[in-house]
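Contents: one structure, followed by commentary.
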Amino acid sequence: MSKKKVSLNSHSNAQIYFPIFLACLSLFALGWMDNARGPFFPLLLEATNSSASQGSFFFALTSFIAIISSAVSGVVLSRYGIRTLMTVGAFLMTICPIGLALYPSLNGALLTAFIFGCSFGFITVGQNVLVGTFAPEHLKRKLFALLHCFYALAALSAPLSVLFLKSQVSWNFILAGLIIFTLPLFLLSFFLKEKEPEKEKDKTKEERISLEESLKIPSILHPDVFIWLLFLSFYISSELMLATRLVVLMQDFGYEYSFASGMLTLFFSSMLAIRLLFFLVNIPFKEISILKFCTLLAAILFAFGYLVWPPALFLIGFCMGPVFPTVMEVLSKRWPMRFDVLVARVITISSLFVVANHLLVGKGTDLFGVRTSLYVVPLFLLLSFLSLYLPKKKA
């Protein structure tokens, strides 16, 4: 047993931790650009003399194109590999802020939104594939938690930074300055190497058969895959519905805007804190147990916040923080050889579900109010919880 735990040499360390570093950098850059769009939105409308309804296409187009690029990323991974996917994604993300800074018009904004959507899908799939593929088995939980810390960190820092900087310099300058995150990512991605396939020699017949089976791409309708697709679709919808409408919800409960915004900050801070905990501490529980506990407790906290004390809603962040990283950990362990294509398919289909629910909740808010429409949050959390009890079979 001790022989298997020989410490890695410097070359092996570079092969493992450089892709992990690149994944973290890419998610931070993506998260920063994604969350900086909100503060930039009124500035963009003013600069382009556009209405809010015209400007809304800026967000809708990015979401729609991101779904398509997530699907295309599976093809890119199969044919050209992870380096091509990350290089193209980083390049597109680099030209986005420069293009809009130099061409500040509605058409320029829509073109930028299209390009950003392309990069969004590529980078979202790519950074999860990097960790799932290169991280050692025993470190996957920690490294997936670390990876997704960076999105929570970007969600906290980007809006505050933009609000501070816009009083110091022009918004065009701030936009162009975003390349301090994306340009290094683009340049470093050229040094990314594909993971070497496992060698067939010295393997038993059973091990060779197992390897051949693991190289097969599982159908999205395979019972085991379908369960995770259901789980992610319901869970991601619940998280995004709450995160994007928490401020409006708190205002509907009668709280001031400043207090409501503070609750959103605490929500993202709690997600960041629990992910850091998962990175720093060995959590001894099984993945399924973690997911069941987190989704059920989140639904209970939501009910408590709605019925008893609304500020408690930010505590749901502690429950939601570990969920997505843990699902990525499960998929990368269950299908290690085809995690790249599988995660592209799962993210694509769950994203379609999320977009449909955004539209439904938006319409429900217009008809019944935000407080009633957000009953879908605990409903989706409970459906996520129950999906984990569906029967599974081995691939």
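Readers should treat all values here as calculations from the given coordinates under stated rules, not as data from a laboratory. All values reported here derive from a predicted model rather than from experimental measurement. Note that each Cβ is placed from the backbone with ideal geometry, even for glycine, and that neighbours are counted across all protein chains shown.
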* Structure fact -> For the chain, averaging the sequence separation of alpha carbon pairs under 8 Å that lie six or more residues apart and dividing by its residue count, the contact order in percent is 24
* **Reduced Cα scattering model of segment 74-113, Debye log10 I(q)/I(0), q = 0.19, 0.26, 0.30 Å⁻¹** => -0.59, -0.75, -0.87
* Please identify, among Trp309, Trp228, Trp335, the residue showing maximal mean-square fluctuation in a Gaussian network model of the chain using a 10 angstrom Cα cutoff. => Trp309
* With r defined as the distance between the Cβ atoms of Ser78 and Ser219 and R0 fixed at 25 Å, what FRET efficiency is calculated, to the nearest 0.05? -> 0.95
* Structure fact -> Among Lys140/Lys392; Lys142/Lys195; Lys166/Lys363, the pairs whose Cα-Cα distance exceeds 30 Å are Lys166/Lys363
* If contacts are Cα pairs under 8 angstrom and at least 6 residues apart, what is the relative contact order of segment 219-387 in percent? -> 41
* **Top of Phe173, Phe302, Phe279 by mean-square fluctuation, Gaussian network on the chain, Cα under 10 Å** => Phe173
* To do: Find the Rg to Rh ratio for segment 219-387, where Rh is the Kirkwood radius over alpha-carbon pairs and Rg uses the same atoms.
  => 0.98
* Over segment 14-189, what is the relative contact order in whole percent, taking alpha-carbon pairs under 8 Å and six or more residues apart? -> 42
* Asked: Counting every Cα pair in the chain, what percent are over 33 Å apart?
  -> 32
* **Of the DSSP H helices in the chain, those whose Cα atoms cover at least 15 Å axially and whose Kyte score averages -0.5 or more** => 10-48, 52-80, 82-102, 106-134, 140-165, 223-252, 257-280, 287-307, 323-334, 339-368, 376-387
* Simple spin-label estimate for Lys195 and Ala303 in nanometres, 7 Å along Cα-Cβ -> 4.0
* Would you calculate, for the chain, the mean residue ellipticity at 222 nm contributed by helices, counting each DSSP H stretch of 4 or more residues as -39,500 (n - 2.57) and dividing by all residues, to the nearest 500? => -27000 deg cm²/dmol
